[in-house]
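First up is the structure itself, then whatever we jot down about it.
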Amino acid sequence: MLCAHLANLHFDCAIEYISTSKQLHPVIKAFLCGSISGTCSTLLFQPLDLLKTRLQSLQPSDLGPRRVGMLAVFLEVVRTESLLGLWKGMSPSIVRCVPGVGIYFGTLYSLKQYFLRGHPPTALESVILGMGSRSVAGVCMSPITVIKTRYESGTYSYESIYAALRSIYCSEGHRGLFRGLTATLLRDAPFSGLYLMFYSQTRTTVLHGTAQLDAALMPFVNFTCGIFAGILASLVTQPADVIKTHMQLSPVKSQWIGQVATLIFKNHGLRGFFHGSVPRALRRTLMAAMAWTVYEEMMARMGLKS
């Protein structure tokens, strides 16, 4: 109870500070709101991301006659690396997600203000806005994404994020820092575009015809709409996520997308393109739903429309 009270107090203080800072531009406020929401969701759902990466990086020799599921990988990580092993890669995840989510929401707010000028986005506009915002964030955070994936795989050992950046640059050049960027954008841009479309349209449908919904129910509505949107968007973009992981973990064997896709199909069949889909769907759905719920709540309390 005390921890929850302190967390809530910290959250309220953050909102009060941001909302009362008249010198802050609305875009900066949107960036800060997104960063705070990204911190909360990253801390909670990092284990799901690690399990997803481990499942996707399994070799055919690791699979044996039976399928290896999320529970088996979970138990293996806990047995060999302790419970805290589930949070391996937490540092690059925070470094990536916190500014990454902030950049996404800041860019999204700017694009909405510039192009929409106050009117609700159509389904197509939501897709374009989501894809554009995520592409900006994806390019900016690509080096940290590579490091995060390698940390989570358990096959790379880096002393720190700086040491990882230096090691990758020295051994693979600047291209190594952007390994799998195309696949990352093919995953993140459609995910964000589809997610924003499903989220906006579902939220509009739910709130349509409602004279005035109780303010206490709004976070629940936002979270529910976020879960629905996350499940649909995750399923569509799962193959690109698998390809991205293989490219970042095996730079020698995975030079371009077509080569990786052929290798995955040869070793695992069509099912290989959906390895790790359960933990990824859970993480992306819950993380996005929480991020949007916190973001909407903070923006509403500051009088800014997202």
Checklist entry - Any idea which of 35, 19 is part of a helix (DSSP H, G or I) and modelled with pLDDT of 70 or more? => result 35
Checklist entry - Hey, among 167, 157, which residue is outside any helix (DSSP H, G or I) and surrounded by fewer than 19 Cβ atoms within 10 Å (Cβ to Cβ)? => result 157
Next on the checklist: Need the failing condition index for residue 210 against (1) more than 30 Å from residue 77 (Cα to Cα); (2) buried (at least 18 other Cβ atoms within 10 Å of the Cβ); (3) at pLDDT below 85, just the number.
Outcome noted: (2)
Checklist entry - Taking only pairs six or more apart or across chains, which ones have beta-carbon atoms under 6 Å, a first residue in segment 95-120 that is closer than 19 Å to residue 141 by Cα, and a second residue that is assigned to a loop (DSSP other than H, G, I, E, B)? => result 96/141; 100/141
Checklist entry - Only one residue in 258, 276 is of a type outside the set (Val, Ile, Thr) and surrounded by 21 or more Cβ atoms within 10 Å (Cβ to Cβ). Which one? => result 276
Checklist outcome for this item: Taking first residues from segment 266-286 that are within 18 Å of residue 253 (Cα to Cα) and second residues anywhere that are modelled with pLDDT under 90 and surrounded by fewer than 19 Cβ atoms within 10 Å (Cβ to Cβ), the pairs with Cβ under 8 Å that are 6 or more apart or on different chains are 267/59; 267/60; 268/60
Checklist entry - Are there any pairs, at least 6 apart or on different chains, whose C-beta atoms fall under 7 Å, with the first in segment 39-50 and aromatic (Phe, Trp, Tyr) and the second surrounded by fewer than 23 Cβ atoms within 10 Å (Cβ to Cβ), and if so, which? => result 45/286
Checklist outcome for this item: Within segment 172-207, residues being over 16 Å from residue 231 (Cα atoms) and either of a type in the set (Phe, Trp, Tyr) or part of a helix (DSSP H, G or I) (or both) number 16
Checklist entry - Going by the conditions given, is residue 255 of a type outside the set (Val, Ile, Thr) and over 22 Å from the mean Cα position of the chain (by Cα)? => result yes
Next on the checklist: Quick check on segment 147-196: of everything there that is among the hydrophobic types (A, V, I, L, M, F, W, C) and without any contact (Cβ under 8 Å) to a residue 24 or more places away in the chain, which residue is nearest to residue 288 (Cα to Cα)?
Outcome noted: 165
Next on the checklist: Anything in segment 106-139 that is of a type in the set (Gly, Ala, Ser), surrounded by 13 or more Cβ atoms within 10 Å (Cβ to Cβ), more than 19 Å from residue 229 (Cβ to Cβ) and modelled with pLDDT under 85? List them, or say none.
Outcome noted: 106
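What is the residue count in segment 102-140 for residues that are outside any helix (DSSP H, G or I) and not hydroxyl-bearing (Ser, Thr, Tyr)?
Of the residues in that region, 5 qualify.
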Item to check | Boolean, residue 141 is in contact with a Pro (Cβ under 9 Å, 6 or more places away or on another chain) and within 23 Å of residue 205 (Cβ to Cβ) | outcome: no
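The values are calculated or read from the model by the stated rules, or taken from the named source; none is laboratory data. Quick caveat, the model's predicted, so the values are computed rather than measured. When we count neighbours, we look across all protein chains shown, and the Cβ atoms used for this are built from the backbone with ideal geometry, even at glycine.
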